[in-house]
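Remarks on the structure that follows.
The values are calculated or read from the model by the stated rules, or taken from the named source; none is laboratory data. Quick caveat: nothing in here was measured; it's all calculated off a predicted structure. FYI the Cβ positions are ideal-geometry reconstructions off the backbone, even for glycines, and counts take in every protein chain you see.
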Amino acid sequence: MSRLSVVFGGSRGIGRAVARLLAQKGHRVVVVSRNAELAQATAATLPGEDHVALSCDVSKEQEVQKTFETIQKSCGSVGYLVNAAGINKDGLLLRTRPDDMVSVLHTNLLGSMLTCRAALRSMLTQGGAIVNIGSVVGLKGNAGQCVYSASKAGLEGFTRSLAKEVASRNVRVNLLAPGFIRTDMTAGLGLRGQQQEAASAAAAVPDMERRIPLGRFGEPEEVAQAVLFLLESPYITGQVLLVDGGLQLAM
């Protein structure tokens, strides 16, 4: 059955791959990003018709509410919600500014809480499915990523609790935890210092890949397949699915 699918963070990386896969499956997709131009460019490339692009900063409650009001008026009730919007500002905790802590927590954790709350207004009467995008770092931790890890770990508790709250209304909520996926966000992962040369960045990739049992970074399209599985599986809720090439075994 075709559903209206809303993908926050849908203009790049994992979110863009999810939006494309949902469109290929015949769903009407609302691509939401802080950057309106990128959202529009992504929506324009999706297969099918009537896809929508909207801009929204998920860390701001009023913007989230306005976005869902627009969706409700122009598109109808939300069937699928994917929360792929996220930022990282890695660094040792002693060197991390409080403003950066708040920014990461508000986008990665509070943002998903706000979008889920807004989407539930229609889902509670018609059912639906939500997938929040976490991280293997949120489950295992990683030096230099205390704040990012905390924001993603919070998503696990939030997802499991919300799943219990809404299961009786035929709404399923799951968490997908990717490992190292080849996106803009992981481009400099594992590097230290602001003066690293491009050659050093290229050399760091094989070192990171050796930590992964499958021997490579994942691709956004591979994560999208797992997201679709969780969205479409009618008897799975409150679960965490790792898509990390076995990385959790080595951490």
**Asked** Ala23 fails exactly one of the following numbered conditions: (1) of a type in the set (Gly, Ala, Ser); (2) out of contact with any strand residue (DSSP E or B) (no Cβ under 7 Å at 6 or more places or on another chain); (3) over 30 Å from Gln145 (Cα atoms). What is the number of that condition?
**Response** (2)
**Prompt:** With respect to Ala23, is the statement that it is among the small types (Gly, Ala, Ser), within 28 Å of His106 (Cα to Cα) and at pLDDT 95 or above true?
**Reply:** no
**Message:** Of the residues Ala167, Ala143, only one is outside any helix (DSSP H, G or I), among the hydrophobic types (A, V, I, L, M, F, W, C) and surrounded by fewer than 19 Cβ atoms within 10 Å (Cβ to Cβ); which?
**Reply:** Ala143
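Take the conditions at pLDDT 95 or above and either more than 26 Å from Pro98 (Cβ to Cβ) or among the polar types (S, T, N, Q) (or both) and apply them to Arg182. Does it pass?
Taking the combined requirement at face value, the residue does not satisfy it.
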**Prompt:** Among the listed residues Val82, Val64, Val30, which satisfies the condition of being buried (at least 22 other Cβ atoms within 10 Å of the Cβ), modelled with pLDDT of 95 or more and over 26 Å from Glu221 (Cα atoms)?
**Reply:** Val64
**Prompt:** Out of (1) in contact with a Pro (Cβ under 9 Å, 6 or more places away or on another chain); (2) at pLDDT below 95, what's the single condition that is false for Gly134?
**Reply:** (2)
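Look at Leu92 and say whether it is on the phi < 0 side of the Ramachandran plot, over 19 Å from the mean Cα position of the chain (by Cα) and in contact (Cβ under 8 Å) with a residue 24 or more places away in the chain.
Numbers: on the phi < 0 side of the Ramachandran plot: yes; over 19 Å from the mean Cα position of the chain (by Cα): yes; in contact (Cβ under 8 Å) with a residue 24 or more places away in the chain: yes.
Yes, satisfied.
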